[in-house]
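Engineer: Next up is a structure, given as structure tokens.
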Amino acid sequence: MDTQTLKNFVTLADTLHFTKASEQVFMAQPALSRQIKQLEQSIGAELFKRDKRNVSLTKAGAYFKQAAQQTLDQLNYAISRTKQIHNGEAGEIKIGYTHSIVQTILPGIIKEIRAQFPDVKTILREMNNNEQYRDLTEQKIDIGFATNPIVPENLKSKVFFEDVFVVVLPENHPLLKAKHFELSALASEPFILPHQVDGSDYVYIVESICLDAGFFPNVVHHTSSVSSALKLVEAGLGITIEPKGSMSGQNLAIRYIELNKISQKVQSTILWNENTENEHLPILQLVKKIINL
């Protein structure tokens with residue numbers, strides 16, 4: 001018994017006519033008759049009742065028709081699904097991202113992936129840069145979106161957007177009333193930043209911004225969560241420096257000052273590995289198109 005035999009059986013069960021069935025399956029009628037007889041023998045059940053005028057399904061034949069059709073449908077689905085997975089059109093895509101990315105471009109990217117590849121399951125994880133390097137290397141995620149990353153040599157990357165940093169302050173902070181803002185005015189302010197272990201790339205950038213202004217940041221609270229940092233700022237427990245994109249959609253009692261004059265810029269970067277190009281190339285190409293790469 002093979003898939004072609006099952007297909008021929010289903011065709012005969014549909015037509016209940018050996019001549020018509022043999023024409024549809026491009027097989028001589030005597031050969032089809034022998035094949036069906038061998039099928040019945042291998043199963044150990046009569047599938048058709050035959051006389052000189054009519055062909056009809058037995059009870060066993062009616063059941064086997066349904067079962068054979070389900071088997072063929074499942075096989076066709078498995079073949080189609082396997083081809084889709086091979087072409088990067090199905091399965092799942094795992095994406096890591098930093099906070100500012102989800103506040104800006106990520107929703108649009110996911111919406112477009114959904115539209116172009118409706119069978120692809122999207123798995124999203126908010127991660128710092130170091131976690132993205134690790135999980136891309138270990139193939140636990142397929143694409144990363146990082147902010148100002150120091151990209152390991154084993155990963156591929158491309159900067160796709162530049163923005164400014166902002167100083168985030170409680171809405172009643174005195175510096176918001178100053179006519180001319182100078183970064184050096186932050187020297188005595190308490191800072192809220194990630195710990196070096198959780199966000200070394202970001203911390204290094206903030207430290208460099210502060211050092212260029214003549215001071216080292218006085219960090220009083222550590223948190224790797226941007227949402228938590230902004231809530232702490234709102235509560236008056238300190239200030240922080242964030243990408244401007246992180247402020248999108250915030251409904252907190254906070255304000256920010258853009259740092260337009262500094263040399264450091266927010267560089268939004270896409271990261272991927274060689275495995276992504278092998279298994280998810282169509283999606284990777286779509287994402288690059290969306291972000292104008």
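Engineer: I'm trying to understand the selection: among the residues of the stretch 2-44, which are closer than 13 Å to Ala68 by Cβ and assigned to a loop (DSSP other than H, G, I, E, B)?
Structural biologist: Correct list: Asp2 only.
Engineer: Looking only at the stretch 250-292, count how many residues are open to solvent by 20 Å² or more (accessible area, probe 1.4 Å), under 19 Å from Gln116 (Cβ atoms), hydrophobic (A, V, I, L, M, F, W, C) and at pLDDT 90 or above.
Structural biologist: Here the count works out to 2.
Engineer: Would you pick out the residues in the stretch 50-101 that are within 30 Å of Thr137 (Cα to Cα), modelled with pLDDT of 90 or more and small (Gly, Ala, Ser)?
Structural biologist: The answer is Gly96, and nothing else.
Engineer: Name the single residue that is farthest from the chain's Cα centre (by Cα) among those in the stretch 157-184 being open to solvent by less than 40 Å² (accessible area, probe 1.4 Å) and of a type in the set (A, V, I, L, M).
Structural biologist: Leu175
Engineer: Another one. Please specify each residue of the stretch 99-126 satisfying the condition of being of a type outside the set (Lys, Arg), open to solvent by 40 Å² or more (accessible area, probe 1.4 Å) and farther than 13 Å from Ile291 by Cα.
Structural biologist: Those that are of a type outside the set (Lys, Arg), open to solvent by 40 Å² or more (accessible area, probe 1.4 Å) and farther than 13 Å from Ile291 by Cα: Val102, Gln103, Ala115, Gln116, Pro118, Asp119, Thr122, Ile123, Leu124, Glu126.
Engineer: May I pose another question? Restricting to the stretch 191-215, name every residue that is over 26 Å from Val151 (Cβ atoms) and not in a strand (DSSP E or B).
Structural biologist: Selection gives Ala213, Gly214, Phe215.
Engineer: Is it true that Leu230 is within 29 Å of the chain's Cα centre (by Cα) and not acidic (Asp, Glu)?
Structural biologist: Yes; evaluated as a whole, the condition is true for this residue.
Engineer: Would you check which residues across the stretch 146-190 are part of a loop (DSSP other than H, G, I, E, B) and of a type in the set (Lys, Arg) and list them?
Structural biologist: Within the stretch 146-190, Lys179 is the sole residue that qualifies.
Engineer: While we're on this one: Note down all Cβ pairs under 8 Å where the first residue falls in the stretch 52-72 and is loosely packed, with under 15 Cβ neighbours inside 10 Å, the second is assigned to a strand (DSSP E or B) and among the hydroxyl-bearing types (Ser, Thr, Tyr), and they're at least six residues apart or on different chains.
Structural biologist: Hits for this filter: zero, empty list.
Engineer: With the checklist (1) within 27 Å of Arg134 (Cα to Cα); (2) in contact with a helix residue (DSSP H, G or I) (Cβ under 7 Å, 6 or more places away or on another chain); (3) not charged (D, E, K, R) in hand, flag the one item Asn278 doesn't pass.
Structural biologist: Checking Asn278 against (1) within 27 Å of Arg134 (Cα to Cα); (2) in contact with a helix residue (DSSP H, G or I) (Cβ under 7 Å, 6 or more places away or on another chain); (3) not charged (D, E, K, R), the one that fails is (2).
Engineer: Would you please name the residue that is surrounded by the most Cβ atoms within 10 Å (Cβ to Cβ), looking only at residues in the stretch 216-249 that are assigned to a loop (DSSP other than H, G, I, E, B) and of a type outside the set (S, T, N, Q)?
Structural biologist: Checking each candidate, the answer is Pro217.
Engineer: Can you tell me which of Val203, Val226, Val219 is free of Cβ contacts under 8 Å to residues at least 40 places away in the same chain, over 17 Å from Ser263 (Cα atoms) and β-branched (Val, Ile, Thr)?
Structural biologist: The conditions single out Val219.
Engineer: In the stretch 26-42, what residues are open to solvent by less than 30 Å² (accessible area, probe 1.4 Å) and in contact (Cβ under 8 Å) with a residue 12 or more places away in the chain?
Structural biologist: Leu32, Ile36, Leu39
Engineer: From the set of residues in the stretch 127-156 that are of a type in the set (Ser, Thr, Tyr) and open to solvent by less than 50 Å² (accessible area, probe 1.4 Å), which is farthest from Leu232 (Cα to Cα)?
Structural biologist: In this case the residue turns out to be Tyr133.
Engineer: Can I ask one more? Go through (1) open to solvent by less than 100 Å² (accessible area, probe 1.4 Å); (2) free of Cβ contacts under 8 Å to residues at least 24 places away in the same chain for Lys7 and report which single condition fails.
Structural biologist: Of everything listed in (1) open to solvent by less than 100 Å² (accessible area, probe 1.4 Å); (2) free of Cβ contacts under 8 Å to residues at least 24 places away in the same chain, Lys7 misses just condition (2).
The values are calculated or read from the model by the stated rules, or taken from the named source; none is laboratory data. From a predicted model like this one, the values you see are computed outputs, not experimental measurements. Reconstructed Cβ throughout: ideal geometry from the backbone, glycine too, with neighbour counts over all protein chains shown. All accessible areas refer to the heavy atoms of the entire protein, side chains included, with ligands and DNA or RNA removed. Shrake-Rupley method; radii C 1.70, N 1.55, O 1.52, S 1.80 Å.
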